[in-house]
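Worksheet for the structure shown next.
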Amino acid sequence: MKIRKKRKILYYVLAALVLILGVVVMAYIYRTDNASAPIDKSSSKQQTHSDINTFDKNKYSINEPGSLWWIVSKTRPLPDGYIPPDLVTPDVSLNSTKSASENTLRKDTASALEKLFAGAKNNGIDYMLASGYRSKELQATYYNNYVSKSGQAEADRYSAKPGTSEHQTGMSLDIATVDRKNYLDQAFGKDTGGIWLAAHAHEYGFIIRYPEGKETITGYMYEPWHIRYVGIDLANELYKNNQTMEEFFGL
Ligand SMILES: [Zn+2]
């Protein structure tokens, strides 16, 4: 009997030890899982972080005519005879002194502009489209007038030679307030209309294409009224970095 009892106790002790061992092993596994969890989280956080910082600069071509990020400048002319494929008249205040054609823009640019103008209106600002799409022929008329007025060197600072104007892409336009205060004048940049535009254009996918102090980079003097549609992603990026398209894409 005594031996049997001792054996029984030994079984109990062994069973208890196995149980404790089991609990310890489980606890160890559980702790390892938890300990590895934060590492996973931080590594996935880093992933997300680097995703935010890594902007895909190749998402759209800067060379292909008509591309959302197509860069047109004095040194990057449009292909000869280029006409945008989808010109429409935006549902905004238009410039009555301009032709119907100059009051058009490409479809996506036009609908983004409608949203921009609505946003401005909510803040008490009434914009008008001062000048939109310009054919090469129209740009030639403008450019020749400017040259005969101010001479070629001066005209080249603010007017594009025909075939090199961003207006010919249908993705660029000049903005003014309907009261035409400081109409296409640098003083517009210090006006309520110009200040709001500089602060909010990017939210609608537009950039101030020729910012102050970047004449040597863009080739144009400061034009607070001239905006270009590039889509919200790139517009945000350029706004955040205070960069022109030329700087951002390393041209
Ligand atoms: Zn312009």
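All of the numbers you see were taken from the coordinates with simple rules; none came from a lab. Please read all numbers here as calculations on a predicted model, not as lab measurements. Heads up, the Cβs are rebuilt from the backbone with ideal geometry, glycines too, and the neighbour counts pull from every protein chain shown.
Take the residues in region 147-196 that are under 21 Å from the mean Cα position of the chain (by Cα) and part of a loop (DSSP other than H, G, I, E, B); name whichever of them is nearest to the ligand (Cβ to nearest atom). Among them, the one singled out is 165. Among the residues of region 223-238, those that are within 16 Å of the ligand (Cβ to nearest atom) and either surrounded by fewer than 18 Cβ atoms within 10 Å (Cβ to Cβ) or under 15 Å from the mean Cα position of the chain (by Cα) (or both) comprise 227, 228, 229, 230. For region 132-156, give me each residue that is under 26 Å from residue 106 (Cα atoms) and charged (D, E, K, R). Listed by number, the residues that qualify are 134, 136, 137, 156.
Tallying residues that are of a type in the set (A, V, I, L, M, F, W, C) and touching a strand residue (DSSP E or B) at 6+ places or on another chain (Cβ under 9 Å) within region 122-170 yields 5.
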